[in-house]
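For reference, the structure is listed below as structure tokens.
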Amino acid sequence: MDGRGDAGSNGRLAAMKLLLIPALLGSLVTTVPVAQEVDIAVTPEGFAAPATLRAGSVTLRVRSSDPQGAWIGLVKPRPGITLERYLADLERSMGSDPVEGGKAVLQDVEMLGGVAVAGVPASVTLRVPPGDHYLVDFRDVGQPGLASRVRPVRVLPERAGAAAPASAQITLLDGRFLAPARLTGPVRVVNRSAQHNEAMLMPVRPGTSLPDLDAFFTEVDAGRYPARSPFTGGPTGVVPLSPGRSAVLDAPLPPGEYALVTWVREIRTGKMFAARGMRALITVGG
């Protein structure tokens, strides 16, 4: 058999493969799913949200015209847990019974996280599983008609969205933050502690020190709100995440000095984590 024929055939096959590669790559690129984006505008009267989402990566983009801001969180009730039971436990945990109420909330729902906004809009990207969920503005807790302000969301099993990029990471440990000294872009917040917790960035007065934060939160933990606060604005950050959960925060915060804090109480003692040293000072931008 003439080997020149085989060489010609092999050459034509190689050329055809080279022509197919760009087409295959193009089809792969076009089928990579992007994160779903949900715009939520909060007013003093509440907020609207889509009734359905697809499982996977979901970005909540939140802005608020409410002077109190908004703390929008997504939770997934565990089997058999009603909305009424969860909200009753949530109000206990944020009110008169932070220990038993907090333990009940931890058992009632999986906390996927969400975003707190104050003076500027912000977004958070979450990994969302299929099933029934609720969007809650935690600022509404304790107000009349709380259940009517909660938005049910059915998450369908179709997968969508890739992981969101981040330039840094804040890790929530038991009683402390592991965080960089400076943030210059989106930040991933990861909960590696034994209970639900959050990460809030709050602008501080010039010259604010860690002892200033400690003195403030010691007073708040005791039920006394100091006349002079170290903060010059409200919180922007990731609302409570269940253990093992993560979320990526993206917020156009003005450059400057911020306190990294949590307003969550430890469910073992009922004390504020921030009053027990879970705080840090961070520079944003620059």
Note to self: Tally up the residues in region 277-286 that are under 14 Å from L172 (Cα atoms) and surrounded by 15 or more Cβ atoms within 10 Å (Cβ to Cβ), please.
What the structure shows: 3
Next item on the list: State which residue is farthest from V150 (Cα to Cα) when the search covers only region 40-87 and only residues that are of a type in the set (F, W, Y) and in contact (Cβ under 8 Å) with a residue 60 or more places away in the chain.
Entry: W71
Check: Do you know which residues across region 264-276 are part of a loop (DSSP other than H, G, I, E, B) and either among the basic types (K, R) or surrounded by fewer than 19 Cβ atoms within 10 Å (Cβ to Cβ) (or both)?
Finding: R268, T269, G270, K271
Margin query: Taking the criterion of being under 23 Å from V105 (Cβ atoms), in a loop (DSSP other than H, G, I, E, B) and modelled with pLDDT under 95, would at least one residue in region 243-253 satisfy it?
Written below: no
Notebook entry, point to check: Which condition number does L213 fail, the rest of (1) farther than 20 Å from F138 by Cβ; (2) assigned to a helix (DSSP H, G or I); (3) touching an Asp or Glu at 6+ places or on another chain (Cβ under 7 Å) being met?
Noted result: (3)
Check: Within region 37-69, which residues are of a type in the set (G, A, S), buried (at least 16 other Cβ atoms within 10 Å of the Cβ) and not in a strand (DSSP E or B)?
Finding: A49, G69
Item checked: region 208-255, residues that are of a type in the set (D, E, K, R) and closer than 17 Å to V115 by Cα -> R245, D250
Margin query: Which of the numbered conditions does E158 fail, given that it passes all the others? Conditions: (1) surrounded by 15 or more Cβ atoms within 10 Å (Cβ to Cβ); (2) in a strand (DSSP E or B).
Written below: (1)
Check: Would a scan of region 98-115 turn up a residue that is surrounded by fewer than 16 Cβ atoms within 10 Å (Cβ to Cβ), at pLDDT 95 or above and more than 18 Å from the chain's Cα centre (by Cα)?
Finding: yes
Notebook entry, point to check: Looking at region 120-152, which of the residues that are assigned to a helix (DSSP H, G or I) and of a type in the set (D, E, K, R) is surrounded by the most Cβ atoms within 10 Å (Cβ to Cβ)?
Noted result: D140
Check: Out of (1) in contact (Cβ under 8 Å) with a residue 40 or more places away in the chain; (2) more than 22 Å from K76 (Cβ to Cβ); (3) not hydroxyl-bearing (S, T, Y); (4) not in a loop (DSSP other than H, G, I, E, B), the odd one out for E219 is which?
Finding: (1)
Note to self: I want to confirm something. Restricting to region 218-263 and keeping residues that are of a type in the set (A, V, I, L, M) and in contact with a helix residue (DSSP H, G or I) (Cβ under 9 Å, 6 or more places away or on another chain), which single residue is surrounded by the fewest Cβ atoms within 10 Å (Cβ to Cβ)?
What the structure shows: A222
Note to self: Cβ-Cβ distance below 9 Å, separation of 6 or more or different chains: which pairs start in region 272-286 with a residue that is without any contact (Cβ under 8 Å) to a residue 12 or more places away in the chain and end on one that is of a type in the set (S, T, Y)?
What the structure shows: none
Next item on the list: Within region 161-184, track down each residue that is in contact (Cβ under 8 Å) with a residue 40 or more places away in the chain, outside any strand (DSSP E or B) and within 14 Å of V284 (Cα to Cα).
Entry: A179, P180, A181, T184
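The values are calculated or read from the model by the stated rules, or taken from the named source; none is laboratory data. Please read all numbers here as calculations on a predicted model, not as lab measurements. Don't worry about glycine lacking a Cβ; one is built from the backbone with ideal geometry, like all the others, and counts go over all protein chains shown.
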